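Here it is, the structure, as structure tokens.
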Amino acid sequence: MFGIEGIHHVSLIVTDLERAKAFYEEIIGLQEMQRPPFDFPGAWYSVGETGQQLHLIVHD
């Protein structure tokens, strides 16, 4: 048996990046962080004090 200590990041698929960013920034209060230059749109957010991240990925 093993124990889970935490989750590093969670990725969510969104269809409207600007609307999703407005929700996570303005309503939830997350701070956007720098994201690698992938060839698809998205946004990364820092969540909490221990390094968790939320990744938004755009897909239809």
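The values are calculated or read from the model by the stated rules, or taken from the named source; none is laboratory data. All values reported here derive from a predicted model rather than from experimental measurement. All Cβ positions, glycine included, derive from the backbone under ideal geometry; neighbour counts span all protein chains shown. Accessible surface areas use protein heavy atoms only, side chains included; no ligands, DNA or RNA. Shrake-Rupley method; radii C 1.70, N 1.55, O 1.52, S 1.80 Å.
Taking amide H positions as placed in the peptide plane 1.01 Å from N, state which residues far from Leu30 in sequence (5 or more) or on other chains have amide H under 5 Å from it.
Glu25
How much of Ile13 can a 1.4 Å solvent probe reach, expressed as accessible area in Å² and rounded to 10?
Surface open to solvent at Ile13 totals about 130 Å².
³J(HN,Hα) across the stretch 13-29 via Karplus (A = 6.51, B = -1.76, C = 1.60, θ = phi - 60°), whole Hz, x for Gly/Pro?
Here the 3J(HN,Hα) series is 8, 10, 9, 10, 4, 5, 5, 5, 4, 4, 4, 5, 8, 7, 8, 7, x Hz.
Taking a probe of 1.4 Å, how large is the accessible area per residue of the chain, in Å²?
81 Å²
Compute, for Leu54, the solvent-accessible surface of its heavy atoms (probe 1.4 Å) with the complete set of protein chains present, and express it in square angstrom to the nearest 10.
Around 20 Å² of this residue is reachable by solvent.
Which value, in debye to the nearest 20, gives the size of the charge dipole of the chain about its Cα centre, when Lys and Arg are +1 and Asp and Glu are -1 at the Cβ?
80 debye
Follow-up. Summing Lys, Arg as +1 and Asp, Glu as -1, what charge do residues with Cβ under 13 Å from the Cβ of Glu18 carry, Glu18 excluded?
Result for the neighbourhood of Glu18: -2.
Which residues does a label at Gln31 reach in the stretch 39-60, if reach means a backbone N under 16 Å from a point 7 Å past the Cα toward the Cβ?
44-54
Once you have the alpha carbon radius of gyration of the chain, what is it after dividing by 2.2 N^0.38 Å, with N set to its residue count?
1.22
I've got another one for you. If amide H atoms are built 1.01 Å from N in the plane of the peptide, which residues on other chains or at least 5 residues away come under 5 Å of the amide H of Val47?
Counting only residues 5 or more places away or on other chains, the set is Gln52, Gln53, Leu54.
How far apart, in nm, are the 7 Å Cα→Cβ label points at Thr50 and His9?
Distance between the two pseudo-spin positions: 1.9 nm.
In the chain, which GluC sites (Glu not before Pro) are in a loop and have at most 12 other Cβ atoms within 10 Å, using DSSP for the loop call?
Sparse-neighbourhood loop GluC sites (Glu not before Pro): Glu5, Glu49.
222 nm [θ] for the chain, helices only, -39500 (n - 2.57) per DSSP H run of 4+, per residue, to 500?
-2500 deg cm²/dmol
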